[in-house]
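The values are calculated or read from the model by the stated rules, or taken from the named source; none is laboratory data. This is a predicted model, so every value here is computed, not measured. Positions of Cβ are backbone-derived with ideal geometry, glycine not excepted, and every protein chain shown enters the neighbour counts.
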Amino acid sequence: MQDHEREGWYGRMTGNGILEKDAPRGAILYARLLWTMSAAYGVLSDRSYLDAATMTKNYILEHFVDKEYGGTFWSITADGEPLDTKKQFYAQGFMLYGFSEYARATADEEATQMALQLFGLIERHAWDKEYGGYIEACTRDWQPIADMRLSAKDENYPKSQNTHLHVIEPYTNLLRLLRETNPGSEYAGKVSAAVGRLASLFTDRILNPETHHLDLFFDMEWTRRSTTESYGHDIECSWLLHEAALVLGDKAILNKVEPIVREVALASDKGLQPDGSMIYEGEPDGSHFDLDRHWWVQAEAVVGFFNLYQHFGDEMALDKALRLWSYIKNRLIDHENGEWYWSIREDGSVNLDDDHAGFWKCPYHNGRMCLELIERIGAMISS
């Protein structure tokens with residue numbers, strides 16, 4: 001997927017392995033690759049990962065960063081020109097995630113400053129001062145935008161669980177970076193306060209107290225606008241929210257979060273299947289289920305269930321994680337071409353209609369799963 005002629009990464013490889021060299025290049029793909037290569041170097045100390053991360057960082061700074069209004073574009077052409085210039089805060093969050101991880105791995109000041117700039121932009125333009133929470137998107141120059149949807153399959157509401165999840169994720173990483181490098185700084189205090197606010201939003205607004213699932217979409221006043229249960233997001237949030245509370249180190253927030261971590265993870269069990277895998281989502285009345293076994297859901301579920309075992313001694317959760325890993329090894333990994341398939345269909349066939357790599361798919365979810373388990377198992381052994 002690396003483009004040695006125009007630099008950067010190609011924008012798409014189809015499920016059938018066809019490389020589309022002129023496909024547009026997305027901010028999510030590049031931000032996730034920056035995080036993944038940086039994290040892989042940080043854990044494994046392999047110079048090839050550092051080289052890939054540095055190339056990605058430089059390419060983003062050259063082509064994705066909006067030098068007039070700040071932030072990063074949603075997409076660019078294969079030649080590196082702006083294409084979709086809207087400011088989706090999900091993407092700004094992922095860019096922050098990538099730059100903060102590169103800074104953690106390399107102590108690079110340029111990456112640190114870029115992460116701090118993105119934090120400031122998100123806080124300035126996305127935070128709802130009246131009702132709390134973060135809106136979905138703005139125009140290029142940070143003005144209101146009619147279509148806030150993250151993708152065509154999403155509903156057009158101003159607030160979502162998904163964007164909040166992928167804001168608390170990079171904010172936690174930025175807080176970790178600042179605690180490692182400059183714990184007494186003004187920014188460390190601001191980021192710490194923001195993580196605390198986000199944790200409270202998940203416990204008090206986004207969590208459905210009746211079902212223990214995370215509701216997906218909301219209006220500005222936090223009225224719930226969706227009934228869909230997303231089992232993959234439930235289990236992913238369970239460990240990311242727990243991570244945020246642990247890094248924050250606020251005992252009151254941790255005491256409030258930890259029972260919810262277990263409740264949300266238990267609610268996600270509804271998506272587990274007899275073969276050990278987890279389906280994507282469904283409606284509580286049974287009127288709809290997405291029965292595909294999506295790659296990212298399986299990866300996040302492994303980490304989520306292992307987190308319950310690691311921190312709460314839940315042996316049943318360890319069994320769930322091991323069964324998921326067995327399913328991944330046997331069904332999802334493309335042992336011939338590398339990477340994982342997008343999903344396995346309900347009938348057991350491989351989904352070749354969706355990308356093998358592209359706008360939404362790269363080694364972020366599955367690479368992070370591997371890195372998380374390497375570090376978690378290592379920590380348990382050493383203790």
Report, by residue number, each residue of segment 105-122 that is β-branched (Val, Ile, Thr) and over 13 Å from Leu178 (Cβ atoms).
Thr106, Ile122
Checklist (1) in a loop (DSSP other than H, G, I, E, B); (2) farther than 17 Å from Met95 by Cβ applied to Ser192, failing item:
(1)
Can you spot a residue in segment 127-150 that is surrounded by fewer than 20 Cβ atoms within 10 Å (Cβ to Cβ), assigned to a strand (DSSP E or B) and not aliphatic (A, V, I, L, M)?
yes
The one condition in (1) more than 18 Å from Phe73 (Cβ to Cβ); (2) free of Cβ contacts under 8 Å to residues at least 60 places away in the same chain; (3) touching a Phe, Trp or Tyr at 6+ places or on another chain (Cβ under 7 Å); (4) surrounded by fewer than 21 Cβ atoms within 10 Å (Cβ to Cβ) that His164 fails to fulfil
(4)
Inside segment 51-69, can you point out the residues that are among the aliphatic types (A, V, I, L, M), in contact with a Gly (Cβ under 9 Å, 6 or more places away or on another chain) and in a helix (DSSP H, G or I)?
Ala53, Met55, Ile60
Are there any pairs with C-beta distances below 6 angstrom linking a residue in segment 347-368 that is of a type in the set (Phe, Trp, Tyr) to a residue that is buried (at least 22 other Cβ atoms within 10 Å of the Cβ), with the two at least 6 apart or on different chains, and if so which?
Phe359/Gly26; Phe359/Leu29; Tyr364/Arg32; Tyr364/Thr36
Qualifying residue in segment 41-54 (condition: small (Gly, Ala, Ser) and touching a residue at least 60 places away in the same chain (Cβ under 8 Å)):
yes
For segment 308-326, check the following and say yes or no: at least one residue is within 25 Å of Tyr364 (Cβ to Cβ) and within 18 Å of the chain's Cα centre (by Cα).
no
When only residues in segment 347-383 that are acidic (Asp, Glu) and more than 28 Å from Glu20 (Cα to Cα) count, which is surrounded by the most Cβ atoms within 10 Å (Cβ to Cβ)?
Glu372
Tell me, yes or no, whether segment 90-103 has at least one residue that is surrounded by fewer than 22 Cβ atoms within 10 Å (Cβ to Cβ) and charged (D, E, K, R).
no
Quick one: in segment 13-39, which of the residues that are buried (at least 24 other Cβ atoms within 10 Å of the Cβ) and closer than 24 Å to Glu336 by Cβ is farthest from the chain's Cα centre (by Cα)?
Met37
Are any of the residues in segment 193-207 in contact with a Leu (Cβ under 6 Å, 6 or more places away or on another chain) and acidic (Asp, Glu)?
no
Number of positions in segment 25-40 that are free of Cβ contacts under 8 Å to residues at least 60 places away in the same chain and either more than 15 Å from Phe359 (Cα to Cα) or touching a Leu at 6+ places or on another chain (Cβ under 7 Å) (or both):
1
Taking segment 255-278 and the residues there that are over 26 Å from Ala244 (Cβ atoms) and touching a residue at least 40 places away in the same chain (Cβ under 8 Å), the one that is surrounded by the fewest Cβ atoms within 10 Å (Cβ to Cβ) would be Asp275
Considering residues of segment 316-342 that are farther than 15 Å from Asp275 by Cβ and of a type in the set (Asp, Glu) only, the residue surrounded by the most Cβ atoms within 10 Å (Cβ to Cβ)
Glu339
Could you check, for segment 217-231, whether at least one of its residues is closer than 25 Å to Leu371 by Cα, modelled with pLDDT of 95 or more and under 20 Å from the mean Cα position of the chain (by Cα)?
yes
Failed condition for Asn156, given (1) within 26 Å of Glu229 (Cβ to Cβ); (2) surrounded by fewer than 17 Cβ atoms within 10 Å (Cβ to Cβ); (3) in contact with a Phe, Trp or Tyr (Cβ under 6 Å, 6 or more places away or on another chain), with all others met?
(3)
Is it fair to say Leu121 is closer than 28 Å to Met220 by Cβ, aliphatic (A, V, I, L, M), outside any loop (DSSP other than H, G, I, E, B) and more than 18 Å from the chain's Cα centre (by Cα)?
yes
Quick one: which residue in Ser75, Ser45 is modelled with pLDDT of 95 or more and on the phi > 0 side of the Ramachandran plot?
Ser45
Matching residues in segment 29-63 - criterion: being out of contact with any helix residue (DSSP H, G or I) (no Cβ under 6 Å at 6 or more places or on another chain) and either closer than 15 Å to Ala91 by Cα or polar (S, T, N, Q) (or both)
Leu29, Ser45, Ser48, Thr54, Asn58, Leu61, His63
